[in-house]
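For reference, the structure is listed below as structure tokens.
Please treat every number below as a calculation from the coordinates, not as lab data. Worth saying up front: this structure is predicted, and the values here are computed from it rather than measured. Quick reminder, even Gly has a Cβ in these numbers, built from the backbone with ideal geometry, and neighbours come from all protein chains shown.
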Amino acid sequence: AAALEGGLEAELDEELGYSKYDYRNKETNNSRNGYSKKTMKTSFGDMDIDIPRDRNGDFEPKLIQKHQTTLSGDIEEKIISMYAKGMTENNIAAHIEEIYGLDVSDSTISRVTDKILPIAKEWQSRPLEEVYAVVFMDAIHYHVRYEGRIVKKAVYIAIGINLDGRKDVLGMWVGENESAKFWLSVLNGLKNRGVNDILIACIDGLSGFTNAIEAVFPQTEIQQCIIHQIRNTTKYVSYKDIKALMADLKRVYAAIDEDTALQELERFDEIWGGKYPKIADNWRDKWVHLSTYFKYPQAVRTLIYTTNTIEGFNRQLRKVTKNKGVFPTDDSLFKMLYLAMMDITKKWTGRRRDWGEIHSQLEIFFADRISY
């Protein structure tokens with residue numbers, strides 16, 4: 001408990017205005033007066049702490065308050081907080097021992113963090129809003145132990161922006177490798193939780209994904225991520241060609257309108273079709289959902305033409321989970337992602353700065369589907 005006792009000493013230094021033995025800076029008649037021993041109950045056993053006293057009896061520490069007799073909640077909160085930041089069970093145990101002098105096992109840490117599961121599952125089934133302006137959908141992958149084997153699992157994630165311009169994680173679902181069939185169940189789940197309409201859905205290029213969206217939300221406009229499309233169609237381009245090819249491809253997706261973009265796609269094919277015939281063909285095949293953003297003004301285009309909103313969130317999740325090579329169960333994966341998500345979204349307090357402009361434009365394009 002040395003670290004905790006050190007914190008109490010620092011509190012008394014602050015109270016008295018000078019540190020121990022630093023008499024030159026003493027400007028008070030009050031002084032230290034030894035220690036009182038206090039036994040604190042915790043979920044992991046009793047703990048004896050030496051609490052410093054002052055001669056006047058004015059000192060009331062905040063770390064351990066006057067009539068406090070238990071530290072169980074405090075320690076469990078710290079364990080959950082450390083777990084949410086991606087610390088391993090070994091590191092958490094070392095910190096708890098350093099701060100409180102308590103020996104905590106991996107199984108105990110798991111038992112403490114398991115208390116969050118019912119809360120996480122309640123969050124996953126909470127009612128949602130009737131209409132979302134934009135919903136971004138993507139999956140990230142993790143290794144999970146299953147029946148004695150290590151298997152790759154997909155975590156399906158949906159982030160919505162409501163009509164007030166506020167961002168929210170609608171859910172995270174652990175499933176098999178990413179498939180349109182599982183996305184269909186996710187979309188039906190959103191509908192069952194109260195979502196009646198999604199104005200624009202932003203997705204990657206997974207085969208069958210657009211059909212799944214159209215089956216559940218037939219009115220939804222679908223924008224396939226341009227960045228995903230660029231990556232997928234240029235991954236086999238020779239290094240010596242990539243710079244010039246990318247410059248010509250940019251003339252397509254950065255065009256002022258759809259007609260100009262199609263003209264630029266033909267020009268691209270004339271230049272590069274002989275060497276890379278599949279690139280322009282692939283863009284043509286997927287054009288109906290790649291080109292959705294051209295119909296909107298710039299503010300809406302910038303919001304929807306990539307899935308950067310959800311990819312940024314996924315990057316933050318990966319930072320937290322990078323120390324975990326393999327998760328023992330689906331629940332252990334979901335538990336860590338939920339805690340990480342709660343930590344990340346604390347900063348999501350306001351709406352987009354340009355939301356007033358975006359909302360005004362959406363009101364025009366979706367006049368019959370926005371009620372205000």
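As I understand it, the value is the acute angle between the Cα axis of helix 72-84 and the longest principal axis of the Cα atoms of the chain; what does it come to in degrees, rounded to 10?
So the inclination is approximately 30 degrees.
If you take every DSSP beta bridge whose two residues both sit in the chain, what share of them, in percent to the nearest 5, is antiparallel?
About 75 percent, rounded to the nearest 5.
If you build a Gaussian network model of the chain, linking Cα atoms that sit under 10 Å apart, which residue out of Gln361, Gln298, Gln65 swings the most?
In this elastic network of the chain, the residue with the biggest mean-square fluctuation among Gln361, Gln298, Gln65 is Gln65.
For Trp272, Trp123, which order do you get if you count the other beta carbons within 10 Å of each Cβ and list the fewest first?
Least to most surrounded, the residues fall as Trp123, Trp272.
So how far apart, in nm, are the two label points at Arg166 and Val288 if each is 7 Å from Cα heading toward Cβ?
Placing both labels 7 Å beyond Cα along the Cβ direction yields 3.7 nm.
Tally Lys/Arg at +1 and Asp/Glu at -1 over every other residue whose Cβ is under 9 Å from the Cβ of Pro61; what's the total?
That sum, taken over residues with Cβ under 9 Å, equals -1.
Any chance you could tell me what percent of the C-alpha pair distances in the chain go past 41 Å?
Roughly 35 percent, once rounded to a whole number.
Could you work out which residue, out of Arg149, Arg24, Arg231, moves most in a Gaussian network model of the chain, that is, has the largest mean-square fluctuation with Cα springs under 10 Å?
Judging by the Gaussian network model, the answer is Arg24.
Expected output is a single nm value to one decimal: the length gained when fully extending between Glu130 and Ala254, i.e. 0.36 nm times separation in residues minus the C-alpha distance. What is it?
41.3 nm
Label-point separation (nm) for Ser105 and Ser207, each offset 7 Å from Cα along Cα-to-Cβ?
Spacing of the two 7 Å Cα→Cβ label points: 4.9 nm.
What stretch of the chain, leaving out the sites themselves, is the longest with no GluC sites (Glu not before Pro) in a DSSP loop having at most 16 other Cβ atoms within 10 Å?
With GluC sites (Glu not before Pro) excluded where exposed in loops, the chain gives 177-372 as its longest stretch.
Report the net charge of residues surrounding Asp138, where surrounding means a beta-carbon distance below 10 angstrom and charges are Lys +1, Arg +1, Asp -1, Glu -1.
-3
Hey, rough spin-label estimate for Asn192 and Asp281, points 7 angstrom out along Cα→Cβ, what's it come to in nanometres?
4.2 nm
Which of Phe327, Phe366 has the fewest other C-beta atoms within 10 Å, and how do the rest follow up to the most?
Ascending Cβ contact count within 10 Å gives the list Phe366, Phe327.
How much length would be gained if the chain were fully extended between Glu311 and Asp13, taking 0.36 nm per residue of separation minus their Cα-Cα distance, in nm to one decimal?
Result: 102.6 nm gained on full extension.
Quick one: helix 180-192 against the long Cα principal axis of the chain, what's the angle to the nearest 10°, folded into 0 to 90?
The two axes meet at around 70 degrees.
Using only Cα atoms and rounding to the nearest 10 degrees, what angle (0 to 90) does helix 330-344 make with the longest principal axis of the chain?
Rounded to the nearest ten degrees, it is 80.
May I ask you to compute the full-extension gain from Asp48 to Asp114, defined as 0.36 nm times their residue separation minus their alpha-carbon distance, rounded to one decimal in nm?
21.0 nm
How much net charge surrounds Val216 when only the other residues with a Cβ under 15 Å from the Cβ of Val216 are counted, with Lys and Arg +1 and Asp and Glu -1?
-1
Can you list the residues of the stretch 124-152 with backbone N under 19 Å from a point 7 Å past the Cα of Asn91, pointing along Cα to Cβ?
143
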